[in-house]
Structure formats: structure tokens, C-alpha cells
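What follows is a short report on a single structure.
The values are calculated or read from the model by the stated rules, or taken from the named source; none is laboratory data. Predicted model only: the values in this text are computed from it and were never measured. A quick note on method: Cβ atoms are made from the backbone with ideal geometry, for glycine too, and the neighbour counts reach across all protein chains shown. Remember, those area values only see protein heavy atoms, side chains included, never the ligands or the DNA or RNA. Shrake-Rupley method; radii C 1.70, N 1.55, O 1.52, S 1.80 Å.
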Amino acid sequence: MTERLTTGEVTGEGAAAPPREGRVANPLLVALQIALRGTRNTVRIPAALVPTVAMPMFFVVAFSGAFSAITGIRGFPTENILSWMVPFAILQGASFAGMGTAFSTARDIEDGFYNRLLLAPTRRWALVLGPMIFAGLRALIPFVVVVPVALVAGISVPAGPVALVPLALGCVGVGTVAGLWGLGIAYRFQSQRAGAIVQLGIFSVMFLSIGQAPLEVMEGWLHTVARVNPMTNVLRFARQGFIGDLSWADTWPALVALALAVVALGAFAARQFRRLFP
């Protein structure tokens with residue numbers, strides 16, 4: 001049975017048809033409202049932030065202790081292990097934040113709320129842009145929480161406060177990329193159970209990079225993979241102010257890598273969205 005509504009219609013299978021012609025709401029405003037909804041839900045359910053904050057703190061404690069001797073290797077870029085590990089841990093938390101956005105979308109699809117969003121009289125791409133904006137904003141949470149703790153713990157910041165700028169930009173970029181990857185998977189499988197695929201992809205990219213050790217001390221296949229892994233450039237970008245001065249040589253490759261990843265994974269998410277909601 002088909003139930004007709006004032007703004008559109010929902011088929012018996014639960015898929016929403018495009019809204020009827022008429023006044024179209026500003027897609028950017030709709031996307032911002034979707035992002036705001038995600039923010040409100042985060043405030044209402046603070047437990048959802050535990051992985052975003054707890055995991056970076058765990059990585060800082062665990063890896064800083066286990067890898068502290070690595071700073072003694074000749075040519076290692078810093079003598080302070082926190083300066084090496086904290087940016088990696090924060091970017092890892094940013095990726096978790098983006099992944100959480102995908103879980104929220106999958107939950108909306110499962111419980112039917114997404115069908116109501118599809119009836120909104122606006123462009124469909126706003127429904128993809130909204131979660132992407134939320135992912136980027138949510139990715140700043142580990143940055144805000146972990147940086148003060150690291151400063152108290154004695155992290156070295158040779159470049160001064162300006163070092164926080166590339167780290168913050170790296171968080172937004174990584175969170176957005178992880179969110180788009182997760183959205184594509186959520187649209188493809190329409191279930192939170194597909195989260196394992198999202199996690200596998202994120203962990204593989206993060207750990208097969210220069211997360212734990214510089215490229216110069218790696219050997220074998222790990223060195224080969226890390227050298228071509230785009231996350232290596234992003235980590236160089238985010239770390240640069242913590243292990244030395246800022247430089248354009250460590251900046252532009254990361255910006256290009258993040259831009260290409262946003263375009264590629266944005267296309268992936270959009271394709272899966274159109275496949276699910278033609």
C-alpha cells in the first residue's frame with residue numbers, strides 16, 4: 001500500500017520517492033541542520049564519544065611506553081616520544097569520530113528515520129553533505145581533549161602554538177574521509193553490522209603508515225606499503241610542528257592526499273546512496 005504525504009510519497013517497501021515539485025529548501029541549510037542533529041544526539045548520548053576519546057588516550061599511554069626506546073635510533077626526528085605518538089593517536093581518534101557518523105546513518109536507515117529525511121523538499125546530496133560536515137566537526141573532539149593532556153604530560157612542541165593548526169586540519173580531513181568511507185558502506189549494506197568493514201579499512205590505512213615508526217627505519221613490505229600510503233603524508237603534515245618547524249614540503253602532499261580522498265570516497269558514498277535511493 002502506498003501512503004501519500006504532502007511532500008512526497010513512501011512506497012510499500014519503505015523507500016521514499018523524490019518530493020513533488022515546488023519550493024525547494026536550501027540544501028546547505030538542510031545539510032547544516034542534519035549536522036546539528038548529529039551534534040545534539042552526541043550531547044544526549046555522551047557514551048558514544050568514549051571510543052573517540054578513550055582510544056587515543058590508550059594509544060598515547062600504550063605506544064609511548066612500548067615504543068619509547070625508538071627515539072634512540074640514529075636519525076629519529078625527536079627525542080620526545082609523545083611528540084611522535086600523540087598526533088598519531090589524535091588522528092586515530094578523528095577516524096573513529098568519522099566512523100561514528102556512519103554508524104548513526106546506518107541506525108537511521110535501520111529504524112526507518114532516513115525515509116523521513118528523504119521526503120525533505122531539497123536536493124538529495126544534502127543528505128550526504130550533512131553527515132560529512134558532522135564527521136569533520138566531531139573529529140575535533142579528540143584534538144580538544146588529548147592535546148591539553150599531552151601538554152601536561154610534557155610533549156615537546158618546537159614550532160610553538162602554530163603546530164596545532166596542521167594537527168587540527170588533519171583531524172578534520174581524516175574525520176571527513178573516514179566518514180565518507182563509512183557512509184558508503186552504510187548505504188551499501190544498510191546495517192550497523194557492516195561496521196566491521198569500516199573499521200578494517202580505517203585500521204589498515206592508519207597502521208600501515210608511519211604511525212609507529214619513521215619510514216627510514218622500516219624494512220620489507222611494510223616500508224613499501226607505508227611509502228605509498230596517503231596517510232603517511234597526512235601524518236607528516238600533522239606531526240611537523242611537534243618534531244620541528246612547519247614547511248610547505250610537508251604540507252602540500254597531505255592537502256593533495258586529503259582532497260583526492262574526499263573526492264574519491266565522496267563519489268563512492270554518492271554512488272552507493274543513488275543505488276539505494278534512486
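Based on this model, can you work out whether L215 counts as within 22 Å of M85 (Cα to Cα), among the aliphatic types (A, V, I, L, M) and open to solvent by 50 Å² or more (accessible area, probe 1.4 Å)? No, not satisfied. For the structure I just gave you, tell me whether A194 is within 16 Å of the chain's Cα centre (by Cα), open to solvent by less than 70 Å² (accessible area, probe 1.4 Å) and either at pLDDT 95 or above or of a type in the set (A, V, I, L, M) (or both). So A194 fails the test.
Residues that are over 22 Å from V172 (Cα atoms) and surrounded by 14 or more Cβ atoms within 10 Å (Cβ to Cβ) within segment 224-243 comprise just one, V225.
All of (1) open to solvent by 50 Å² or more (accessible area, probe 1.4 Å); (2) touching a Leu at 6+ places or on another chain (Cβ under 6 Å); (3) of a type outside the set (A, V, I, L, M, F, W, C) hold for G75 with one exception: (2). Report whether or not L169 is at pLDDT 95 or above, farther than 22 Å from F67 by Cβ, outside any helix (DSSP H, G or I) and in contact with a helix residue (DSSP H, G or I) (Cβ under 9 Å, 6 or more places away or on another chain). No; evaluated as a whole, the condition is false for this residue. Would you kindly identify the helices (runs of 4 or more DSSP H) lying entirely within segment 89-153 that contain at least 3 residues that are touching a Leu at 6+ places or on another chain (Cβ under 7 Å)? Passing ranges, in order: 126-138, 140-153.
Of all the numbered requirements in (1) within 22 Å of P278 (Cα to Cα); (2) surrounded by fewer than 16 Cβ atoms within 10 Å (Cβ to Cβ); (3) modelled with pLDDT under 80, A17 misses one, and that requirement is (2).
Looking at the structure I just gave you, is L200 in contact (Cβ under 8 Å) with a residue 60 or more places away in the chain and part of a helix (DSSP H, G or I)? Criteria not met by L200. Scanning segment 78-104 for residues that are of a type in the set (V, I, T) and open to solvent by 10 Å² or more (accessible area, probe 1.4 Å) yields T78, I81. Yes or no: S209 outside any helix (DSSP H, G or I) and either within 18 Å of P131 (Cα to Cα) or among the polar types (S, T, N, Q) (or both)? For S209, the condition - outside any helix (DSSP H, G or I) and either within 18 Å of P131 (Cα to Cα) or among the polar types (S, T, N, Q) (or both) - is met.
Scanning segment 172-191 for residues that are over 15 Å from the mean Cα position of the chain (by Cα) and assigned to a helix (DSSP H, G or I), which turns out nearest to S104 (Cα to Cα)? Residue satisfying both the conditions and the ranking: Y187. Residues of segment 59-72 that are modelled with pLDDT of 80 or more and either basic (K, R) or crowded, with 16+ Cβ neighbours inside 10 Å (or both): F59, V60, I70.
Scanning segment 31-58 for residues that are open to solvent by less than 40 Å² (accessible area, probe 1.4 Å) and either modelled with pLDDT of 85 or more or touching a Phe, Trp or Tyr at 6+ places or on another chain (Cβ under 7 Å) (or both) gives A31, I34, A35, G38, T52, P56.
Per-residue answers, yes or no, for (1) under 30 Å from R123 (Cβ atoms); (2) surrounded by 15 or more Cβ atoms within 10 Å (Cβ to Cβ); (3) at pLDDT 95 or above:
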site	(1), (2), (3)
F207	no, yes, no
P253	no, yes, yes
V263	yes, no, yes
F273	yes, yes, no
L276	yes, yes, no
